[in-house]
Amino acid sequence: MAEYHVGCGAFAIYAGTLNPKNKSLWKNKSECTDEAINAVRDYMILELLGGLKCSKASTSGYEWTLQNGQKIELRISIYE
């Protein structure tokens, strides 16, 4: 069975399979930007906030530190 991957390019997010001889090249790919962003949004709502109707939190997110010391934050918030 094929091993699927998700990656970004200059203009979109793609999902597909990689070339078995050169893992940095796509063998087959489909653009899935909107679907990928919506999936991340829904995952974060469930995992970090406990769902849309949960009062666990109204905002949360992830943070990464880059090699140069800069930080990147991906945050989700629910508000009226």
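The values are calculated or read from the model by the stated rules, or taken from the named source; none is laboratory data. A quick note: this is a predicted structure, and the numbers were derived from the prediction, not measured. Cβ: placed from backbone, ideal geometry, glycine included. Neighbour counts: every protein chain shown. Accessible surface is based on the protein model in full, side chains and every heavy atom, while ligands, DNA and RNA are left aside. Shrake-Rupley method; radii C 1.70, N 1.55, O 1.52, S 1.80 Å.
Filter region 1-21 down to residues that are polar (S, T, N, Q) and either loosely packed, with under 13 Cβ neighbours inside 10 Å or modelled with pLDDT under 95 (or both), then give me how many there are.
Final tally of qualifying residues: 1.
Within region 46-62, identify whether any single residue is at pLDDT 95 or above and out of contact with any Ser or Thr (no Cβ under 8 Å at 6 or more places or on another chain), and answer yes or no.
yes
Just the residues that are closer than 25 Å to residue 61 by Cα, of a type outside the set (Ser, Thr, Tyr) and surrounded by 12 or more Cβ atoms within 10 Å (Cβ to Cβ), please, taken from region 22-34.
32
With the requirement that a residue be of a type in the set (S, T, N, Q), in a strand (DSSP E or B) and either under 27 Å from residue 11 (Cβ atoms) or open to solvent by 70 Å² or more (accessible area, probe 1.4 Å) (or both), what does region 42-66 give you?
Scanning region 42-66 gives a single hit, 65.
Can residue 66 be described as out of contact with any Phe, Trp or Tyr (no Cβ under 8 Å at 6 or more places or on another chain) and modelled with pLDDT of 95 or more?
Against the criterion (out of contact with any Phe, Trp or Tyr (no Cβ under 8 Å at 6 or more places or on another chain) and modelled with pLDDT of 95 or more), residue 66 qualifies.
Which members of region 67-80 meet the condition of being farther than 22 Å from residue 7 by Cβ, loosely packed, with under 12 Cβ neighbours inside 10 Å and not polar (S, T, N, Q)?
Across region 67-80, the qualifying residues are 69, 71, 75, 79, 80.
Looking at (1) among the small types (Gly, Ala, Ser); (2) under 20 Å from residue 62 (Cβ atoms); (3) open to solvent by 70 Å² or more (accessible area, probe 1.4 Å), find the lone condition where residue 39 falls short.
With respect to (1) among the small types (Gly, Ala, Ser); (2) under 20 Å from residue 62 (Cβ atoms); (3) open to solvent by 70 Å² or more (accessible area, probe 1.4 Å), residue 39 is out only on (3).
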